[in-house]
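The values are calculated or read from the model by the stated rules, or taken from the named source; none is laboratory data. These numbers come from a predicted model, not from an experiment. Don't worry about glycine lacking a Cβ; one is built from the backbone with ideal geometry, like all the others, and counts go over all protein chains shown.
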Amino acid sequence: MLTNPPVFKSIRFKLIIGLLLLIIPLILFLIYNNYYAMNVVRNQVAGSNKSLLTLYMNQIDRNLDEADKYLYNMAALENDLLNLDYPKEDINAWYLFAKIRLVNRIETDIKNYKPLDLFFIYSSVNDELMTSKIPGETYDERKALENGILDLLHDIQISDKKLSKQWFVSKIDNQYYLYHIIQSGNAYIGGIVEASKLMVPLSLIELGQSGRSLLVTDAHEVMTNDDFLKENDIHLGLEKNVNRFTSRGQEYLQVNEKSTKGDFLLMIFIPEGTILERLPELQRITTFILLAALLLLPAFYTFIRKVILLPINRIVTAMRKVRDGFMEDRIELYSTSYEFEIMNETFNTMVSQITDLKISVYEEQLINQKAELKHLQLQINPHFFLNSLNIIYSLAQLKSYELIQELSMSLVQYLRFMFRSSLNFVKLSEEIAHTNNYLRIQTMRFPENFTFEIEAADLLSEALVPPLSIQTFVENTIKHAVSMEERIHLQITVDGCEEAGIPFMKVVISDTGKGFPPEVLHAVQSEEGIADENGEHIGIWNVRRRLNLLYQDQARLWISNNTGGGAEVELRLPIRFEKMEDE
């Protein structure tokens, strides 16, 4: 017997010490270098993106400044604006011509200011809005933008804050817009641009899959990509131009740049992973670690192979031989880790015990199976015999001696077959003859309401089948389908078929009755027991059990209901012509 070994012989101890000696130095070196490299690169990325964001914001401000210059020049130099101060009902065609010239001008000039969506002119005296072509895919979108501009112009406070030199933010039809309005007498001219169009240049910046660029107001109101903040539970930090924060386990670098032309700013969120992706130092560190691991791998593999792999391989080899039937094989005992010594000794002891028990257990299983088969074969329905005697008695009263003789002969042959309980298999012709005797007796019981037909291939007459494998389902049909109320026809067909190149005998038993109840179908299809305390449907369970014992998983049994009415049973049995010895 093995005694308790010293701790240093334990496989757990050896694995822990080996892994610690290999991994700890590499981990410490990796942590130090990664920490240093990330700080350096993070500062570099923050400065680089800050410069880039400033460049983009300057470009946006220049575009807005050019639009401002156009608006101021037009307000100062365009004489047609003066004609908008008079009511159009009280003047001649000057108002209409001025309106046409102004619309044509802004329609032409807007092409030179592509960042803007449109220019507009408003006559407060006539409450009439003139615009360049309004963008939008549908009429409703264009109308919503036009109404939004009118709402801005109708605002009571248009004379103070909203007439300053800044561009302001307004939300129109769930879209954010930047607008600037200038007053010229009783006329107003202005320009408007959708906030999302200003973000087009920022789409060229690679921020990674979870990075985003935003356009935000000074009041922390997000004009683009507002779902990004909600999904990641991010609160804007506008106190500094560069911020670092963590949200839901994801670290971000936030860079801001405020506009000089309005109360809004640009903001980008760069995930930490994207920053480290471009880290040259980290790549060099990874390369170094890989080379170090490659150098240490042979030594580590040799250690693992000697301590773990070889002992496990010896056990696996022995187990495979036992699985293949070589029960005499044993693992040779040798000096190794304590756990493997226990496993080797336990395996050898277990195989020896299995070898001693296998024959006795196998013989006992064969005896139990044979007894179970005999028990299943001897289960006979007593109601059948009582009904047969009643039929003979009725025929005797009618003095139908020929029918009495025929019924008696059929009953004798039926009983002779039933009491051949020592057989596991009978010829198909004998099973068909037995079933025919049973059905002849039933036709005398239901002379007007029951007919049957049996078709069997002559080539299969000598094939072997389990006794009562067909008659059981026929009896089930008689019991549950045939009655005095309606006419029932029973059809039995036996033919050959192939499945995966293996010849099978296909037996189909169908009737024109009401079919199987749903609970019986479910029980048979799920291979559950379906016999209740009164013995209902025990014949089906018996046949299925006998097929499992005799054929293992080679036989098939299906029961179903026909679409036109009636039940159908299909049996597929491997074709055998040589008698098997009783087990």
With the condition kept exactly as written, say whether any residue in segment 153-161 is modelled with pLDDT of 85 or more, under 57 Å from the mean Cα position of the chain (by Cα) and not polar (S, T, N, Q). no
Taking into account only those residues within segment 74-93 that are outside any helix (DSSP H, G or I) and charged (D, E, K, R), which is modelled with the highest pLDDT? E78
State which residue pairs qualify: first residue touching a residue at least 12 places away in the same chain (Cβ under 8 Å) and inside segment 324-340, second residue part of a loop (DSSP other than H, G, I, E, B) and surrounded by 10 or more Cβ atoms within 10 Å (Cβ to Cβ) in any location, beta carbons under 9 Å apart, and separation of 6 or more residues or different chains. S337/P5; S337/S10; Y338/L2; Y338/P5; Y338/S10; E339/S10
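Matching residues to (1) of a type in the set (A, V, I, L, M, F, W, C); (2) modelled with pLDDT under 85; (3) in the same structural domain as A481 (by TED's automatic domain parsing):
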residue: K506; (1), (2), (3): no, no, yes
residue: D511; (1), (2), (3): no, no, yes
residue: P517; (1), (2), (3): no, yes, yes
residue: N534; (1), (2), (3): no, yes, yes
residue: L547; (1), (2), (3): yes, yes, yes
residue: L550; (1), (2), (3): yes, yes, yes
residue: D553; (1), (2), (3): no, yes, yes
residue: E570; (1), (2), (3): no, no, yes
residue: D582; (1), (2), (3): no, yes, no
What's the total number of residues in segment 39-81 that are over 20 Å from L178 (Cα atoms) and of a type in the set (A, V, I, L, M, F, W, C)? 8
Residue ID - surrounded by the fewest Cβ atoms within 10 Å (Cβ to Cβ), chosen from residues in segment 411-429 that are part of a helix (DSSP H, G or I) and touching a Ser or Thr at 6+ places or on another chain (Cβ under 9 Å): S429
For segment 124-151, what are the residues that are surrounded by 13 or more Cβ atoms within 10 Å (Cβ to Cβ), in a helix (DSSP H, G or I) and charged (D, E, K, R)? E141, R142, K143, E146
With the condition kept exactly as written, say whether any residue in segment 353-374 is within 46 Å of the chain's Cα centre (by Cα), at pLDDT 75 or above and either farther than 30 Å from I540 by Cβ or assigned to a helix (DSSP H, G or I) (or both). yes
Is it the case, given these coordinates, that T138 is in contact with a strand residue (DSSP E or B) (Cβ under 7 Å, 6 or more places away or on another chain) and farther than 15 Å from E194 by Cα? no
Take the residues of segment 551-566 that are surrounded by 14 or more Cβ atoms within 10 Å (Cβ to Cβ) and of a type in the set (G, A, S): which is farthest from L490 (Cα to Cα)? A555
Filter segment 567-581 for residues that are over 38 Å from the mean Cα position of the chain (by Cα) and either in a loop (DSSP other than H, G, I, E, B) or surrounded by fewer than 19 Cβ atoms within 10 Å (Cβ to Cβ) (or both) and give the result. P574, I575, R576, F577, E578, K579, M580, E581
Failed item, numbered, when I121 is tested on (1) part of a helix (DSSP H, G or I); (2) buried (at least 16 other Cβ atoms within 10 Å of the Cβ): (1)
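For (1) under 30 Å from I270 (Cα atoms); (2) modelled with pLDDT of 70 or more; (3) among the acidic types (D, E); (4) within 60 Å of the chain's Cα centre (by Cα), each residue gets a yes or a no:
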site	(1), (2), (3), (4)
I27	yes, no, no, yes
A46	yes, yes, no, yes
Y56	yes, yes, no, yes
Y72	no, yes, no, no
Y95	no, yes, no, no
Checked I470, I478, I454 against criteria (under 45 Å from the mean Cα position of the chain (by Cα) and closer than 28 Å to L550 by Cβ); the one match is I470
Looking at segment 501-510, is at least one residue assigned to a helix (DSSP H, G or I), in contact with a Gly (Cβ under 9 Å, 6 or more places away or on another chain) and of a type in the set (S, T, Y)? no
Test each condition in (1) at pLDDT below 70; (2) over 26 Å from S48 (Cβ atoms); (3) among the β-branched types (V, I, T) for I172 and report the one that comes out false. (1)
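Yes or no, residue by residue, for (1) outside any strand (DSSP E or B); (2) at pLDDT 80 or above:
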{"position": "Y176", "(1), (2)": "no, yes"}
{"position": "Y188", "(1), (2)": "no, yes"}
{"position": "S203", "(1), (2)": "yes, no"}
{"position": "E206", "(1), (2)": "yes, no"}
{"position": "L214", "(1), (2)": "no, yes"}
{"position": "E231", "(1), (2)": "yes, no"}
{"position": "H235", "(1), (2)": "yes, no"}
{"position": "E239", "(1), (2)": "yes, no"}
{"position": "F245", "(1), (2)": "no, no"}
Note down all Cβ pairs under 9 Å where the first residue falls in segment 108-122 and is in the same structural domain as S132 (by TED's automatic domain parsing) and touching a residue at least 40 places away in the same chain (Cβ under 8 Å), the second is basic (K, R) and not in a loop (DSSP other than H, G, I, E, B), and they're at least six residues apart or on different chains. P115/K197; L116/K197; D117/K197; F119/R105; I121/K99
Can you tell me which residue within segment 521-532, out of those that are of a type in the set (A, V, I, L, M) and under 33 Å from the mean Cα position of the chain (by Cα), is modelled with the highest pLDDT? L521
